[in-house]
Amino acid sequence: LDLFCADLSDDGRAFLCEAIRHAPALRSIDLPVGSISDDGMQLLCEAIRHAPTLQCIDLRLGDCVSGSAMQELAKTIRLAPQSQSINLSLEHCDHRATAVIVAALREASDRSSFSISECITNAQVALVCEAIRHAPALESISLDWECFGVDVMQLLCDAIRHAPALQSIDLVLGEFVCCSAMQELAKTIRLAPQSQSINLSLEDCDHRATAVIVAALRAASDRSSFSISECITNAQVALVCEAIRHAPALESISLDWEYLRDGEMQLLADSIRLAPVLHHVDFSFGGLSDDNLKILSEAIRYAPTLRSISLSFPGFSCPSDDAMKCLSDAVRHSPAVAGFNLCGFDGDW
């Protein structure tokens with residue numbers, strides 16, 4: 001249920017909360033709560049706590065939410081089952097409201113994941129980082145912040161390195177991340193235990209920032225997996241492929257790239273074939289030509305350590321029979337592949 005642009009009256013929210021509470025198959029809600037009243041927040045929180053199948057909750061909190069309403073939401077965060085994923089946008093929250101919410105995240109004994117976007121003040125960031133550092137059961141975080149200054153990045157990296165149970169870190173890095181901040185993140189990538197899965201979106205990063213991060217991935221002696229999305233320049237793709245090719249302990253990679261230009265698939269294919277211990281690849285490409293599919297197939301066929309493959313091509317029209325035969329033959333004749341998953345083609349391929 002996505003009501004991103006909805007401006008609901010109190011009566012409208014009451015009807016909506018009743019529907020959320022009793023909907024037999026509702027799994028996800030995305031709601032603005034910028035000017036919600038105390039009574040409205042109580043109704044919403046009760047609906048969230050009692051919704052039978054709700055798994056994902058996305059709330060954008062505004063600057064007109066009272067302290068009492070925030071306390072009610074904090075109670076819900078503490079009491080909601082850990083299977084519920086909670087994403088909060090704090091863009092318009094003041095420091096006091098942020099403190100209430102983050103304290104709840106920190107104290108929730110079984111809250112294993114949360115996602116926070118749009119922290120815009122250093123005070124907000126400091127509170128979130130303290131929660132990450134001390135939350136006893138936190139296994140996964142997702143942060144989409146427009147700007148990472150060096151002080152902010154240092155706080156975050158210290159929190160990541162000392163979090164007692166953290167296993168998965170998902171960061172969207174913007175164009176305003178300074179080089180010193182990138183160096184701090186690179187240090188964390190090198191020092192973080194290999195059990196921590198790190199996903200980085202590089203869509204808005206420049207070449208210098210990308211080079212710092214990828215060098216860290218390449219140099220990490222026990223980094224067995226990483227995930228990178230949104231490489232948008234040839235130079236970024238080349239850096240990532242070099243890291244895959246030379247990382248000494250890399251066993252698994254996940255790449256979610258919108259498209260590949262001429263020559264980029266060959267770079268990626270060569271890195272797969274020559275990676276020393278690569279066991280698993282998970283690729284999602286927004287579009288792929290028959291020629292690029294054939295190049296990828298050759299890499300799969302001759303990669304000596306590759307054991308499992310997952311390929312997704314959302315929006316890719318039906319490939320030619322010749323390209324599909326190349327892919328099928330590559331999987332069949334690969335020396336090590338034991339698992340193969342393919343999805344996303346349109347048409348009756």
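Since every read-out is calculated from the coordinates, none of them should be taken as a lab result. Just so you know, these numbers come straight off a predicted model, no measurement behind them. No Cβ is skipped: glycine too gets one built from the backbone with ideal geometry, and neighbour counts run over all protein chains shown.
What the table shows:
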| item | result |
| --- | --- |
| Qualifying lysines (Cα of each under 17 Å from Cα of Lys294; at least 8 residues distant if same chain) | Lys325 |
| Extended-chain gain in nm, criterion 0.36 nm per residue less alpha-carbon gap, His207 and Arg49 | 52.4 nm |
| Cα gyration tensor shape of the stretch 231-297, rounded if a/c is under 1.5, else prolate or oblate by comparing a/b with b/c | prolate |
| Estimated distance in nm for a label pair at Arg78 and Tyr302, the labels positioned 7 Å out from Cα along Cα-to-Cβ | 6.2 |
| Segment Ser312-Arg161, length gained on full extension (0.36 nm per residue, minus Cα span) | 51.1 nm |
| For the stretch 150-187 and the stretch 233-289, distance of Cα centres in Å | 24 |
| Among 35-45, 49-59, the order from most to least packed when residues are scored by Cβ within 10 Å on average | 35-45, 49-59 |
| Sorted peptide list for 9-16, 69-76, criterion being average Cβ within 10 angstrom, highest first | 69-76, 9-16 |
| Ser320 paired with Asp10, simple spin-label distance in nm, labels 7 Å along Cα-to-beta-carbon | 6.7 |
| Residue list for the stretch 262-282, given a label point 7 angstrom along the Cα-to-Cβ vector of Ala336 and an amide N cut-off under 18 Å | 268-282 |
